[in-house]
């Protein structure tokens with residue numbers, strides 16, 4: 001089997017999570033600058049077998065697109081141009097950043113560690129991936 005990659009794409013930073021090869025466990029991989037995302041994915045896809053990519057879909061509470069939707073749509077168009085053969089799916093990402101922050105609190109991370117926005121993005125990507133796997 002191949003891995004599944006989840007992306008929590010943001011204006012500045014992008015959190016990335018992956019499954020193991022058996023697609024049982026979702027784990028945070030890294031947080032990267034958003035402008036480096038395509039380059040990072042090219043390198044990763046060359047090293048690892050990836051079956052599909054899950055991209056978070058930000059929505060307002062009422063289900064309408066959020067203000068960051070336009071930025072993510074541009075990224076998706078670029079992604080599909082660069083990786084036309086790769087399957088891409090969208091997953092609702094409402095509350096993932098809040099859940100990520102709460103999980104940091106629950107795990108006992110110190111205040112300084114909780115201020116690491118990159119870690120929040122990585123955990124949010126992991127939550128997106130786990131939600132996808134739970135529904136699959």
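The values are calculated or read from the model by the stated rules, or taken from the named source; none is laboratory data. Remember, predicted model here, so these are calculated numbers, not experimental data. Positions of Cβ are generated from backbone atoms using ideal geometry, with glycine treated the same way; all protein chains shown enter the neighbour counts.
The numbered conditions (1) touching a residue at least 24 places away in the same chain (Cβ under 8 Å); (2) under 22 Å from residue 119 (Cα atoms) are all true for residue 45 except (2).
Let's see how each residue does on (1) farther than 19 Å from residue 67 by Cα; (2) within 10 Å of the chain's Cα centre (by Cα); (3) surrounded by fewer than 17 Cβ atoms within 10 Å (Cβ to Cβ):
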{"site": "7", "(1), (2), (3)": "no, yes, no"}
{"site": "12", "(1), (2), (3)": "no, no, yes"}
{"site": "22", "(1), (2), (3)": "yes, no, yes"}
{"site": "32", "(1), (2), (3)": "yes, no, no"}
{"site": "42", "(1), (2), (3)": "yes, no, yes"}
{"site": "48", "(1), (2), (3)": "yes, no, yes"}
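Filtering 136, 111 for residues that are within 17 Å of residue 6 (Cβ to Cβ), at pLDDT below 80 and out of contact with any helix residue (DSSP H, G or I) (no Cβ under 8 Å at 6 or more places or on another chain) leaves a single hit, 136.
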